[in-house]
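Data first, discussion second: the structure below is written as structure tokens.
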Amino acid sequence: MENSHRKIALLDLDAFFAAVEVLRDPNLATRPFAVGGGSDRGVVATANYLARQYGIHSAMPGHQARKLCPQLIFVKPDMAAYKDMSKRIQQCLREITPLMEPASIDEFYLDLTDNPMCNGSASLTMELIRDEIRAMGVPGSAGISNQKMVAKIASEENKPDGQYLVTPNQVLQYIGQLGLKRIPGVGPKSLERLQQSGLHTGADIQQITLTKLQNILGERSGYLLHQRCMGIDERPVVTHRIRKSVGVEETLRINLNNLRAIEEFTERELLPSLKKRLKINRWQDTRIKTQTVKLKFTDFQQTTVSRASNRVSPSVFYQLLKEAWERSHHRAVRLVGLSVTLPDPDRSRQLELDLE
């Protein structure tokens, strides 16, 4: 097994936004509530565990959440407060180990391989960390293994406020019993192709040849999935993240049902915002890899269209908007997004790769 000596943990803060809101208003602790918008156009960002008992989950339309739980309370998100708490927790983690990588505002990888705390026990160290952040008012769950992928998946096993260890000699068996949907990067299209070929679990992938898998998914995606299911994940914990993309998106105040209106909104709102986020005065000042447009329709289905490009071109965004709009099938649009991917200054680094 590769890197069998490593001790990698993933700390996932449980219902993080909701936990911060309870610190601000303790009365919320005993009531079902969601962070987000409860209007017809609102969306749930996260929900506390009392609300989840009603089937409410993140990305659910606010009006649907209200139907499931009429007494549901909606709290307006306060990203400044969440970022501040995230920074406090990151400082706490860095006091344990400098080898800490924020994967998101509420997920953190830790390399505890050579950490002397708790006589080198990663499990006891994570229990100590979870005790400390729980005392700060934010419970968290953890997964521990010899690699990032398994640590992340294992962090979901004992939620909320628990942890799960997968030792190096358990990795293959653990991956083998997983449904392929739980393997990072296996999206709906890949899953459909795999299931049509009779492949449903990690063990199914472990038992077929790489060539057969590449015939199903393609050379690159087949290789990636084969590596993951064989327990090979050598990615290090990276303390300095490289920005891979820059984007802006906005949920519209009213649905737009024609391309011209979408173009005008893009010109008026999104293009200036994107230029500001890129911190440039002229579009040609930034080198990129791709430009992407995203449209979300009134049925909450979405589509994205991308095109390779060396420099940002507004005209390319308009071409992509037209292409995406042609997929609307008479549906109005509720959200528009623009983004660019940036060149990787270190192409030899292995980054998270989607199979889709």
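Out of curiosity, is residue 234 closer than 30 Å to residue 41 by Cβ and of a type in the set (Asp, Glu)? Considered against the rule, which asks whether it is closer than 30 Å to residue 41 by Cβ and of a type in the set (Asp, Glu), residue 234 comes out as no.
This table checks each residue for (1) crowded, with 21+ Cβ neighbours inside 10 Å; (2) outside any strand (DSSP E or B); (3) of a type in the set (Gly, Ala, Ser).
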site	(1), (2), (3)
91	no, yes, no
109	yes, no, no
127	no, yes, no
131	no, yes, no
137	no, yes, yes
143	yes, no, yes
150	yes, yes, no
159	no, yes, no
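Tell me which residues, restricted to the range 145-202, are among the polar types (S, T, N, Q) and under 23 Å from residue 5 (Cβ atoms). Matches in the range 145-202: 145, 146, 147, 155, 163, 167, 169, 170, 173.
I'd like to know if the range 125-138 contains one or more residues that are in contact with a helix residue (DSSP H, G or I) (Cβ under 6 Å, 6 or more places away or on another chain) and closer than 13 Å to residue 8 by Cα. Yes, that holds for at least one residue. Only residues that are assigned to a loop (DSSP other than H, G, I, E, B) and touching a residue at least 24 places away in the same chain (Cβ under 8 Å) were counted in the range 173-232, giving 10.
Screening residue 203 against (1) among the small types (Gly, Ala, Ser); (2) at negative phi; (3) crowded, with 18+ Cβ neighbours inside 10 Å leaves a single unmet condition, (3). Only one of the numbered conditions (1) surrounded by 15 or more Cβ atoms within 10 Å (Cβ to Cβ); (2) of a type in the set (S, T, N, Q); (3) in contact with a Pro (Cβ under 7 Å, 6 or more places away or on another chain) is violated by residue 71, and that is (1).
Sub-8 Å Cβ pairs linking a first residue in the range 81-103 that is closer than 13 Å to residue 19 by Cβ and β-branched (Val, Ile, Thr) to a second residue that is modelled with pLDDT of 95 or more and not in a helix (DSSP H, G or I), at least 6 apart or interchain, are 89/13; 89/108; 89/136; 89/138, ordered by first then second residue.
Counting the residues of the range 1-51 that are among the basic types (Lys, Arg) and surrounded by fewer than 15 Cβ atoms within 10 Å (Cβ to Cβ) gives 2.
The values are calculated or read from the model by the stated rules, or taken from the named source; none is laboratory data. Since the model is a prediction, treat every value here as computed from it, not as a measurement. Backbone-built Cβ (ideal geometry, glycine too); neighbour counts: all protein chains shown.
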